[in-house]
Amino acid sequence: MSGLKKYVNYPLQTPTMTTRRSFLKQASLIAPAIMFAPDLVWAAKKKSLPVGIQLYTLRELIGKDPKGVIEKVAAAGYKEVELFGYNGGKFFGMPVADFAALLKANGLNAPSGHYMPQKFLYEDTDAGNAEMKELIGAAAAMKHTYLTIPWLHPDKRSTIDGYKRLAAQLNKAGEWCKQANLQLAYHNHDFEFATIDGQTGYNILLNETDKDLVKFELDIYWASFSGVDVIDLFRKNSGRIHMWHVKDMDKNDRKLNTEIGNGTIDYKPIFAQAKLSGLKHIFVEQENNYAPDPIGSIGKSCQFIKQSLLKK
């Protein structure tokens, strides 16, 4: 009984009540921080995003000296590459396994590659199916996350029905990619944003493909060139645009590229909406107008992205 009296005499000062009061006070301070926690986590994630490059940027060089070019890409500060040019089991004359080993030796990953299944997209034949499955095998051997389709033949994308047929094939390829632990993606140019009977090809592809089977790689230059509001595109397709091609538009001739940060595209507000996009990988691409030369150009772009876009 004597041990209980001290609590009977002071019923409002129990340890339980004090702890509960302190907890509620602390919770009122913590709650707003929890609300913003996902944004804080994403901001930290964005800063750690590796900068990648689409190797088409160096197409005039890499076929002549793949080893030397890959070494220069790594030296310029890149950590990821996006491939192109698969041909008969080889990249730039090197067997797939050898090219994969070259990337690994230089500390580079290849999360995506551009592959062009011409027969599969446009023909419902056994040969087309075999072509697609060969490309899936190459992408799996390179340990890609994404197999990306980068282009559509003009004759096959001139009508709404044409785009719908292509979307059906993308869904089919997306299912096959899923079975191989790959994700299918589609990469745009400017033609997808042209209007056909009140619709754009891009919207048809978005609406007619399964959102889980087909993701998108947005070429921000071509979207901007076409007058598209890139952030609005993110908003309407939140979480579906996993990759970006980052290239800038020359100030004097909008048909030309330039180094990132040297042109007319304001990338800061775009990078600020990376979470809305669903961004997982960024790839610098520059197709022309290099300053002072292709290797010097890619170095400038890499550093600008790291210092001015990812850290902000």
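The values are calculated or read from the model by the stated rules, or taken from the named source; none is laboratory data. Every value quoted in this text rests on a predicted model; they were computed, and no experiment measured them. FYI the Cβ positions are ideal-geometry reconstructions off the backbone, even for glycines, and counts take in every protein chain you see. We work out accessible area using only protein heavy atoms, side chains counted, and drop any ligands, DNA or RNA first. Shrake-Rupley method; radii C 1.70, N 1.55, O 1.52, S 1.80 Å.
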Largest-first principal axis extents, alpha carbons of the chain, Å: 92, 45, 42
Cα-based reach from Lys251 at 13 Å (exclusive), listing aspartates and glutamates while leaving out same-chain residues under 8 positions away: Glu259, Asp266
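Among DSSP beta bridges whose residues both lie in the chain, state the antiparallel percentage, nearest 5. List each step's numbers first, then the result.
Values: 8 of 36 bridges.
Around 20 percent of the beta bridges assigned by DSSP in the chain are antiparallel ones.
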5 angstrom amide H check on Gln183, placed H, neighbours 5+ away: Tyr146, Leu147
Stokes-Einstein diffusion coefficient of segment 192-312, Kirkwood radius over Cα pairs, 37 °C, 0.692 mPa s, in µm²/s: 218 µm²/s
With DNA, RNA and ligands ignored, accessible area of Tyr122 (1.4 Å probe; Å², nearest 10): 50 Å²
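What is the Rg over Rh value, at two decimals, for segment 48-172, using alpha-carbon atoms and the Kirkwood definition of Rh? Write out the running numbers ahead of the final one.
Values: Rg = 15.9 Å, Rh = 15.6 Å.
Radius of gyration over Kirkwood radius for segment 48-172 works out to 1.02.
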Ala75-Ala44 FRET efficiency (beta carbon distance; Förster radius 25 Å; 0.05 resolution): 0.40
FRET efficiency, 1/(1 + (r/R0)^6) with R0 35 Å, evaluated for Leu256 and Thr195 via beta carbons: 0.90
Segment 115-169: GluC sites (Glu not before Pro) in DSSP loop, at most 15 other beta carbons within 10 Å: Glu123
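Could you sort out which of Lys255/Lys300; Lys47/Lys275; Lys104/Lys172; Lys90/Lys133; Lys90/Lys280; Lys133/Lys275 sit more than 23 Å apart by Cα distance in this structure? Don't skip to the answer; put the middle values down first.
On the way: Lys255/Lys300 20 Å; Lys47/Lys275 12 Å; Lys104/Lys172 31 Å; Lys90/Lys133 16 Å; Lys90/Lys280 27 Å; Lys133/Lys275 32 Å.
In this structure, Lys104/Lys172; Lys90/Lys280; Lys133/Lys275 exceed 23 Å between Cα atoms.
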Derived scalar couplings ³J(HN,Hα) [segment 122-131; Karplus, 6.51 cos²θ - 1.76 cosθ + 1.60; whole Hz; x for Gly, Pro]: 10, 10, 9, 9, 4, 5, x, 5, 5, 4
Apportionment of accessible area to carbon and sulfur, the chain, percent (1.4 Å): 54 percent
Viscosity 1.306 mPa s, 10 °C: Kirkwood-radius Stokes-Einstein D of segment 224-267 over Cα pairs, µm²/s: 138 µm²/s
Label-point separation, Ser308 to Lys90 (7 Å along Cα→Cβ), nm: 4.0 nm
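Could you give the length gained by full extension between Lys156 and Glu134, i.e. 0.36 nm per residue of separation minus their alpha carbon distance, to one decimal place? Kindly include the intermediate steps, with their values, before the conclusion.
Working: separation 22, 0.36 × 22 = 7.92 nm, distance 2.24 nm.
Between Lys156 and Glu134, full extension yields 5.7 nm more.
Restricting the count to DSSP beta bridges whose residues both fall in segment 169-308, what percent are antiparallel, rounded to a multiple of 5?
Of the beta bridges lying entirely in segment 169-308, close to 25 percent run antiparallel.
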Accessible area of segment 134-257 divided out per residue, in Å², using a probe of 1.4 angstrom: 43 Å²
Value of relative contact order over segment 82-160, rounded to a whole percent, pairs C-alpha under 8 Å and six or more apart: 32 percent
